[in-house]
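Read the structure below first, then the notes.
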Amino acid sequence: MEILKKIKDDKQAEQFLIEIGVLKLKDECPYCGSNEVYSIRRNHFKCKVCRREWSKYNDSIFKDIRIKPLIFLKIIEELSKGRLIKRIAEDLEVSYNTVLKIKKLILKRLLKKVFNIDDLKPLFSIGIKGDLSLEYNEEVNIEELSKIKNEKVARLYIFKNYYNYDLYIVFSEKPIKLFEKFSIKLDLNDIRKELKVLLKNFSEKISKGKITNANSVLFTIVQNHYIAHNGSDKLFYLFLEALK
Ligand SMILES: [Zn+2]
């Protein structure tokens, strides 16, 4: 990531996060409302009028995610490259839970932004069109789909050319017996290259058992979709955008 090469320390990282609107610091006293506040020891503000102190990260993204700005950016960069949480945590020497927390937060915001939903259902589908746009549906016509060939990858059933979708992916927490009669290895030679890459990338991760729950599945689909569409640089900004 070009921008991250230029950001050398926490101060610059904090400045960057403020500029793009992810980090919002209020220079107003939360106790008396005075604007006469100044920085004291690390990460704290003090009010000139009432003399009280508070963490400057109150009400900001760093209230819940207790992490330094530079490492935060690096985690987002690694997530945008599609790297595994475990690896990111090891490489950057942060806890697994910190990375997981950031990933969950990004996903939650992305779901809202991309699909306008708050929570995932145990059964849903994602339709992908030729222009690589994604559509999330909670209504899955099992009867109709059970007559069509599909490829099963862990808890996903992948269909080709269903309605106006080039690919139609059903996620189900429980196996759908009716689909399994027609589960085969799909011939993907006739689908668009970008879609093939997208499908290959996430089915590899999913079949290796690295992605197990609905959230991760959708995160991976959205992630690979954006990488296929715009490259991972764009995804880094999309993730930051989601965190605003
Ligand atoms: Zn005050």
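What follows draws every value from the coordinates through simple rules; no lab data is involved. Keep in mind the model is a prediction, meaning the values are calculated, not measured. Heads up, the Cβs are rebuilt from the backbone with ideal geometry, glycines too, and the neighbour counts pull from every protein chain shown.
Shown in residue order for the stretch 172-177 are the 3J(HN,Hα) couplings computed by the Karplus curve 6.51 cos²θ - 1.76 cosθ + 1.60 at θ = phi - 60°: 9, 5, 9, x, 9, 4 Hz (x for Gly and Pro).
Would you mind checking the pairs LYS185/LYS205; LYS46/LYS108; LYS74/LYS101 and listing those with alpha carbons more than 22 angstrom apart? Too far apart for the 22 Å limit: LYS46/LYS108. Residues considered: LYS48, LYS24, LYS196. Largest GNM mean-square fluctuation over the chain, using C-alpha springs under 10 Å, is found at LYS48. Taking only the Cα atoms of the stretch 64-166, the radius of gyration and Dmax are 17.5, 53 Å.
Anisotropy class assigned to the stretch 123-242 is prolate, per the alpha carbon gyration tensor with a/c at or over the 1.5 cut-off and a/b larger than b/c.
What is the dipole size for the chain, taken about its Cα centre, with +1 at each Lys and Arg Cβ and -1 at each Asp and Glu Cβ, in debye to the nearest 20?
Numbers: 48 positive and 34 negative charges, 150 e Å.
Using only the charged Cβ atoms, the result is roughly 720 debye.
Note the angle between two axes, namely the Cα long axis of helix 96-110 and the longest principal axis of the Cα atoms of the chain, as a number of degrees from 0 to 90, rounded to the nearest 10. The helix 96-110 is inclined about 70 degrees to the chain. About the centre of its Cα atoms, the stretch 123-242 shows a dipole size close to 560 debye [charges on the beta carbon of Lys, Arg (+1) and Asp, Glu (-1) only; nearest 20 debye].
Across the chain, Cα-Cα pairs farther apart than 30 Å form 38% of the total.
What is the chain's relative contact order, in percent, from Cα pairs under 8 angstrom and six or more apart in sequence? Please report the intermediate quantities before stating the final value.
On the way: 304 pairs, mean separation 39.5, N = 244.
Over the chain, the number comes to 16 percent.
Residues whose amide H comes within less than 5 Å of that of SER183, counting only those at least five positions distant or on another chain, are ASN150 (H built at 1.01 Å from N in the peptide plane). The C-alpha atoms of the chain define a longest principal axis, and helix 214-230 lies at about 90 degrees to it.
How long is the gain from ASN43 to GLU135 if the chain were fully straight, where each residue apart is worth 0.36 nm and the alpha carbon distance is subtracted? Mind dumping the intermediate values first?
Working: separation 92, 0.36 × 92 = 33.12 nm, distance 4.20 nm.
Between ASN43 and GLU135, full extension yields an extra 28.9 nm.
Note on the chain: with a GNM built from Cα contacts shorter than 10 Å, the maximum mean-square fluctuation among TYR226, TYR168, TYR38 falls on TYR38. Of the cross-linked pairs LYS112/LYS147; LYS103/LYS177; LYS26/LYS234; LYS104/LYS200, those separated by over 26 Å at the C-alpha level are LYS112/LYS147; LYS103/LYS177; LYS26/LYS234. Charging the Cβ of each Asp and Glu at -1 and of each Lys and Arg at +1, and nothing else, the dipole of the stretch 163-233 about its Cα centre rounds to 260 debye. In sequence order, the stretch 78-86 has phi-based couplings of 5, 4, 5, 7, x, 6, 6, 4, 4 Hz under the Karplus curve 6.51 cos²θ - 1.76 cosθ + 1.60, θ = phi - 60°, and Gly or Pro positions carry x. Per-residue ellipticity at 222 nm computed for the chain from its helices equals -12500 deg cm²/dmol, with DSSP H segments shorter than 4 residues left out and the rest contributing -39,500 (n - 2.57). The distance separating the Cα centre of the stretch 173-244 from that of the stretch 1-37 comes to 34 Å.
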